[in-house]
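Asks: Below: one structure in structure tokens.
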Amino acid sequence: MNPTPSLCETQRLDVLRAYDILDTGAEEMFDELTKLAAEICAVPISLVSLVDENRQWFKSKVGVEVSETPRSWAFCAYALEGTEMLVVPDALQDARFAQNPLVTGEPHIRFYAGTPLRTPEGAVLGTLCVIDRVPRELTTEQQAALAVLGRQVMRLMLMRHSVMELQHLREEEEHIRLERELTLAALRKSEEEQRRLAQRLEAAQEAGGIGSWVVDLRTFQAEWSEQTHYVFGTDPQTTPECYASFEERVHPEDVEVVNEIFRQSIEECLPRVYIHRMVMRDGRVRHIEQRWQAMRDGNGEPYQAIGTSQDVTERILAEHRLQRLNRLYAISSGINAAIVRMTNTQQLYEEACRIAVEEGGLLMACVGVADVASQRLVPVASHGCEDGYLENANVSLEEVPRGLGPSGRAYRENEAVFCQDIATDPMMEPWRQAALERGYHACACFPLRVEGRPIGIFAVYGDASHYFSTDECQFLNAIAENLSYAVESRQREQQRRQAEQALKASEERFSSFMAHSPVAGWIVDEECRYHYVSPGYYRVFDTLGRNDLTGLTALEVFGPELTEAYQSRNRQVLEEQRAITRVMPGRRVDGTQGEFHVVCFPILTPGQAPMIGGLAMDVTEQRRAEQTLRDSEASFRSYFELSLHGIAVTTPEKGWVQVNDRLCSILGYEREELMKLSWPELTHPEDLPADQHQFEQLLAGTIQSYEMEKRFIRKDGRVVWASIGVGCVRNADGSIAHIIGVVLDIDERKHAEQILREQATLLDSAQDAIMVRDLQDRILYWNKSCERLYGWTASEAMGRAAEELLYRDATEFHVAWEQSMTKGEWVGELQQWTKDGRPLTIQGRWTLIRQENGRPKSLLCINTDITGRRQLEQQFLRAQRMESIGTLAGGIAHDLNNVLAPIMMSIDVLRLRETNPQRLEMLETIEGSARRGADMVQQVLSFARGVVGQNLEVHLGHLIDEIIKIVNETFMQHIHAQQDVAADLWMVKGDPTQLHQVLLNLCVNARDAMRAGGTITISAKNVMLDEQYTSMNIEATTGPHVQVTVADTGTGMPPEVVERIFEPFFTTKEVGKGTGLGLSTTLSIIKHHGGFIRVQSEPGRGTNFSLYLPAQTSTAAGTDSPGPSMLPQGNGELVLVVDDEEAVREITRHTLETFGYQVVVANHGVDAIALYSSQKEQVAAILMDLMMPVMDGPTAIQVLRHMSPGLPIIAASGISTEHHVARASSAGATRFLPKPYTAETLLNALKGALN
């Protein structure tokens, strides 16, 4: 429910607004009282709330962020009606507030107490209220305090209101003072402005050429400004300033009018404007605009005239020019309208002349047309004041005196010619007197052109010299060009009508010819739609009963089969733009199938779609007769004289009847010589019995013909191979009339087959795979190397597509094929597959084989297997990449060791001074973390190659036993480990701890790959690697090796993962489950032992890691590692510590001093040498870092060793590779200490060096 406003709500709101406090900023005095109320009442929320007609607004607030809420939600609104404090112990139990949004939602009000803020007038403006989120009660003391604080808030508001009223009074006084000062300043500014305005007016009049004057109408004395004298052209020193002086300068023709207008203006006392002419001292006439008004005195009598004068001559001239241009616009519009309206050229000429004179204000206009025969310009139209001028003009087209005027020149030069002053221009000499008599003072002549060539002129004459301005000349020239265009258009129209008449006559003749011609004629468009069909068409073709094909398509008439042929022919006609003659099939008028001689030709009309015309004659009978004749001749000519085969016709008695030239060429005889011989005489003796046997069967009728390959003996004695076919032609009674023998020379084929057999033998012995493919990719030849390489036999491969046999992804194959076809050859690499699914990388050299005529015939392919070579290259690149990453990892490990060294040394020192168990436990935690960090760095160093380790003879079988035991005892129960170790396993030489780490790393990875369980198998056997194997594996060396294989039945890895597994920090495990250093460390350890690793993995089929380690032929007992020792103490010896890391120097100093040593420190080698030189006798030993700026450790050690050969020097480095150890030793270091080291390690090393 909502509170009901009181009857005096309006007065209350007026009072609230008078306090001017709503929506003001926070004030410290109010905020202090609000905080005090919250503290006294022990509540989280306290507010100074003011209520207007729509909201409650918080002047001060504690415990809430909002600045206002709707009035309908306000608890304070209920306090406005009462005189006492409003207290609500539990809002949820109060019907007024139980559903209030401030109760059901933020800030979840349960308790409320508000004391009214009452003004001296009795109006309640709001409350000081306290709020809690739990039900509660206020004590009597708290209520009293809250009421006191409420009254204090009201006093603050009253005081604030009084201060604001006082401030308003002061502001009003200041405002009045400022207004008085501004008024005085404005008066002073107004006076100054008037002076400046007068100056500006005078300057403006001078700039605008405006003079001002005042005339006393009682005495007619005047006052002229200096600019007025300039406008009137008078001398200010000598000219009296009066009306009479002005009147003397007015143009005589304008004096009377000017005086009358001035008199009228005095009587009317109204503003007047008038333009008149004045004569300047130099005689020039100028146009002056006068503006004035007469003024009356207190008695109403005119006493003074005030005015201005301005020279407007240029404006008047511009207006005159504008009028002239407007007239020219009228000429242009009128002539253009006439061009559109009139079709007769003569009428157009006459109308153009009339418009130029009547509407353009010209004195005369005319048109002259060239008469080539008489070489004269003949006037054909004129208008205006001509009076016989043109009849006597006699203008020549040649360069003679009467051809040198404006008209003749305009025609010859084909451009406009102007004469601005006929009285003085020499070219008007022959016509000057006649022109001036008729009032002509200027003229302009423009050529009339057709297709760019002049045919006449258009001339106009003006009544004043310099009549034609530049703008007018351009307009008139455009008018002449429009006339030229109109004349040219009418000539073209006339030519078009003449052409149409000629075309119509031609069409009538063509129609008459086609109507009686036996030839079919037609015209179609690109879609084979008929636009014209001759009568003869229906007498030649079967149109299926249609007697009008116009508008139909060939598809609608003849169907799709013939339409396609017609469209193909038509496309060729349009593309080649020439006539094409063909004999084409079709249906004759009687419905039978026939042949037609067809001629098609293009019909190309500019601006129209191309058409195809056609003529056709029925040549069916003619073609049949010709075919019969050709068949008759071909039976003898084509198969006898022109045959590529040798042909002989004999009798049963084996006598020659006829032989052709080809047979003579094959056997090497002249025709007359061959006719005297018989078949047996020409046959090779070894082939004669078989030939005679077949021939006897033919004669007996047992066979009708026979074929065989046999040898003939040529005239020159050379033996040639031939394939013969023998048949007989029988008489009607069945007897043999003739025997026909056909001989094909196959001698070259036989030799080629022999060469091919020899070449095939050579190709089969080649190491490269050689094949020949036809242009459809079918295999034509497949050598033995192809069978060995791909696994397909020649019989399996022949006739099949190479793409189908050898490729899975044919993209690269298609690129190679396309290049071979376009460029004739291709050289490159391809991925191919064998019959058993094994991938191959081949280097191909493909060559396109061409026929004698240059057309492609087949593709010769020579493929070399480079799979092994590519594998070796990948191994080499992988080794290079791992070496580069190893170098980077070694540098990182060095920096990390410098970070860990101070931590590990500090732990031992702190542990000596600490007895608190909790802090000792924290030290143990720090030490464990630092050692784990050091182990990780050691793994990085192991990966970086050359980590120093033990070099013992190791029996890998014992290590495998330990690993199997660890796996079975610590791994999950569903993972089982087993081993298969050869009984006579050879020994290897190396570090057993590092090899143990390798096997354990591989087993942990196997476990992670078998989340659902599986089996880990570790096997070991002896292998002998020969040169064949090492040639395929660049990391392998010949000799005896032990092969250890760790196999799992896990998820396996795809090839792209296998490629990267040895990279440092590469891992496929979840974040936090692996460092990515395990396999890179494994690889580094194995390579340090002189071995290598091979990986076989396939998704879903598990992974095999095979380790190859060089084997040893002798055994040696291992050595026990030394046990721990107590931390040794120093005896005050001075130790020089040299390191560029400040943290390492300081913790080392502190550690050594703690255990009884004295210490001096240096930043680098140069500093160390300087310190040692000054304290040479006191320094007992030096601890030197190897990697430092300015001068590194090895160089400094060499200098120090030269200075003191027996000085103990311990070298330290974060990279403990064999290279670094060897470098330190060669420089003269006594011992080597790898970073990070513990206090124990440091102290033992130092003690050993001193002893």
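Where a number appears in this text, it was derived from the coordinates with a stated rule and is not lab data. Quick caveat: nothing in here was measured; it's all calculated off a predicted structure. All Cβ positions, even for glycine, are placed from backbone atoms using ideal geometry, and neighbour counts span all protein chains on display.
Asks: Residue by residue through region 583-588, what is 3J(HN,Hα) from phi via Karplus (6.51 cos²θ - 1.76 cosθ + 1.60, θ = phi - 60°)? Round to whole Hz and write x for glycine and proline.
Replies: Using θ = phi - 60°, the values come out as 9, 10, x, x, 8, 6 Hz.
Asks: Within 12 Å, Cβ to Cβ, of residue 404, how many net charges do the neighbouring residues add up to if Lys/Arg are +1 and Asp/Glu are -1?
Replies: Spelling it out: positives minus negatives among the neighbours equals -2.
Asks: Can you give the net charge of the other residues whose Cβ lies under 14 Å from the Cβ of residue 487, counting K and R as +1 and D and E as -1?
Replies: So the surrounding residues net to -2.
Asks: Between region 522-550 and region 572-635, what is the separation of their alpha carbon centroids in Å?
Replies: Centre-to-centre distance over Cα atoms comes out at 15 Å.
Asks: Oh, and also: Taking amide hydrogens as modeled 1.01 Å from N in the peptide plane, which residues meet the under 5 Å criterion relative to residue 783, leaving out close sequence neighbours?
Replies: 770
Asks: Take the alpha-carbon centre of region 434-472, take the same for region 776-816, and report the distance between them in whole Å.
Replies: That distance is 92 Å.
Asks: Which of the aspartates and glutamates could a cross-linker bridge to residue 750, judged by Cα under 12 Å and excluding same-chain residues fewer than eight apart?
Replies: Excluding near neighbours in sequence, the set is 709.
Asks: Rounded to the nearest 20 Debye, what is the dipole magnitude of the chain about its Cα centre when Lys and Arg each give +1 and Asp and Glu each give -1 at the C-beta? Spell out each step's value before the answer.
Replies: Numbers: 121 positive and 173 negative charges, 653 e Å.
In total the dipole reaches around 3140 debye.
Asks: Quick one: order 664, 269 by neighbouring beta-carbon count within 10 Å, fewest to most.
Replies: Fewest to most other Cβ atoms nearby, the residues stand as 269, 664.
Asks: I need the fraction of alpha carbon pairs in region 374-495 separated by more than 18 Å, rounded to a whole percent.
Replies: When all Cα pairs of region 374-495 are counted, 52 percent exceed 18 Å.
Asks: Continuing with the same structure: Can you sort 821, 342 so the residue with the fewest Cβ neighbours within 10 Å comes first?
Replies: The most exposed by this proxy come first: 821, 342.
Asks: Evaluate the relative contact order of the chain (contact order divided by residue number), counting alpha-carbon pairs under 8 angstrom at least 6 apart; express in whole percent.
Replies: 4
Asks: Here's another thing I want to ask about it. What number in nm² do you get for the chain if you take the convex hull of its Cα atoms and divide its surface by four?
Replies: 127.9
Asks: Once the other residues with Cβ under 9 Å from the Cβ of residue 222 are scored (Lys, Arg +1; Asp, Glu -1), what is the net sum?
Replies: So the surrounding residues net to -3.
Asks: Which of the residue pairs 835/1021; 823/857; 965/989; 1021/1087; 989/1021 have a Cα-Cα distance greater than 21 Å in the structure shown? Display every interim value, and only then the final one.
Replies: Details: 835/1021 33 Å; 823/857 14 Å; 965/989 23 Å; 1021/1087 19 Å; 989/1021 16 Å.
Result: 835/1021; 965/989 exceed 21 Å.
Asks: Using only the Cα atoms of region 756-865, build the gyration tensor, take square roots of its eigenvalues as a ≥ b ≥ c, and label the shape rounded, prolate or oblate: rounded if a/c is under 1.5, else prolate if a/b is larger than b/c, else oblate. Intermediate values should be presented prior to the final figure.
Replies: Working: a/c = 1.62, a/b = 1.11, b/c = 1.45.
Judged from the Cα gyration tensor, region 756-865 comes out oblate (a/c at least 1.5, b/c at or above a/b).
Asks: What order do you get for 85, 295, 427 when you list them from fewest to most C-beta neighbours inside 10 Å?
Replies: Sorted ascending by nearby Cβ count, the order is 295, 427, 85.
Asks: Between region 680-695 and region 245-281, what's the alpha-carbon centroid distance in Å?
Replies: 147
Asks: With only alpha-carbon atoms in the gyration tensor, what are the semi-axes of the equivalent ellipsoid for region 25-95, in Å, largest first?
Replies: Working through the eigenvalues yields semi-axes of 20, 16, 12 Å.
Asks: Another question, if that's okay. Please report the relative contact order for region 209-311, taking Cα pairs under 8 Å with a sequence separation of at least 6, and give it as a percent rounded to a whole number. Present the calculation step by step, with values, prior to reporting the outcome.
Replies: Working: 194 pairs, mean separation 32.4, N = 103.
Here the relative contact order equals 31 percent.
Asks: Give the relative contact order (percent, whole number) for region 517-627; include only Cα pairs under 8 Å separated by 6+ residues. Provide the component values of the computation, followed by the final result.
Replies: Working: 204 pairs, mean separation 30.9, N = 111.
Dividing the mean separation by the residue count of region 517-627 yields 28 percent.
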